[in-house]
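Just so you know, all these numbers are worked out from the coordinates, no wet-lab data involved. Computed from a prediction, not measured in an experiment: that's the story for all the values here. Note that we place each Cβ from the backbone using ideal geometry, even for glycine, and neighbour counts take in every protein chain shown.
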Amino acid sequence: MAKILVADDVEDVGLILSERLRRGGHEVVCAADGNIAVNMLEQSKFDLAILDIRMPGRDGFDVCAWIRNSPVHKLMPVVLMSAFSEEQSRWKKSAANLFLAKPFDGYQLLDVVKRLLDAPGSAAQQEAG
């Protein structure tokens, strides 16, 4: 079971993501914006982060950059999400592992999470090894 941080300022999206991930056997912690996400990351270790790109305060790009500069979390897989198609090209310039377009398919979400957690070199794999 992986511990996953979900940061999205739209409560319904966070609830949908949480429900799907919990049904997939994961522990999920939700943050309503990027600042809360960073506070949670400072207090706890996570195996993966799913971040909305457009959030008040720190956006998903800022949180992703913070993660990559964190000695504790720098290897953690990061998924950026957005409903805005123009963000799909911007994410490649970030340090995120993957982009997920909204609306997303629940099975696709679980597949993405599994692939990232099972990837060699991921934080989850390093702890397992």
Q. If you place +1 on the Cβ of every Lys and Arg and -1 on the Cβ of every Asp and Glu, how big does the dipole about the Cα centre of the chain come out, in debye to the nearest 20?
A. 420
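So for I4, I36, fewest C-beta neighbours within 10 Å to most, what's the order?
Working: I4 25, I36 18.
Ranking I4, I36 by Cβ neighbours within 10 Å, fewest first, gives I36, I4.
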Q: Note down the relative contact order for region 3-117 as a percent, whole number, built from C-alpha pairs under 8 angstrom at least six residues apart.
A: 23
Q) Around A2, which amide H atoms from residues at least 5 apart in sequence, or from another chain, sit under 5 Å from its own amide H, with H modelled in the peptide plane? A) E27
**Q.** Residue of V78, V38, V63 that the Gaussian network model of the chain assigns the largest fluctuation, springs spanning Cα pairs under 10 Å
**A.** V38
Q. Between K74 and M1, what is the spin-label point distance in nm, taking each point 7 Å from the Cα along the Cα→C-beta axis?
A. 3.1
Q) In straight Cα distance, which aspartates and glutamates are under 17 Å from K3, not counting same-chain residues fewer than 8 positions off? A) E19, E27, E42, D47, D111, D118, E127
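So if R0 is 30 Å, what FRET efficiency would A101 and E19 give, r being the distance between their Cβ atoms, rounded to the nearest 0.05?
Numbers: r = 19 Å, r/R0 = 0.64.
After rounding, the FRET efficiency stands at 0.95.
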Q: Provide I50, I16, I67 in ascending order of the number of other Cβ atoms located within 10 Å of each residue's Cβ, fewest first.
A: I16, I67, I50
Q | Cβ-based exposure ranking for M76, M40, in which fewest neighbours within 10 Å come first | A | M40, M76
Q: Using a cut-off of 12 Å between beta-carbons, work out the net charge of the residues near V13 (Lys and Arg +1, Asp and Glu -1, V13 not included).
A: -3
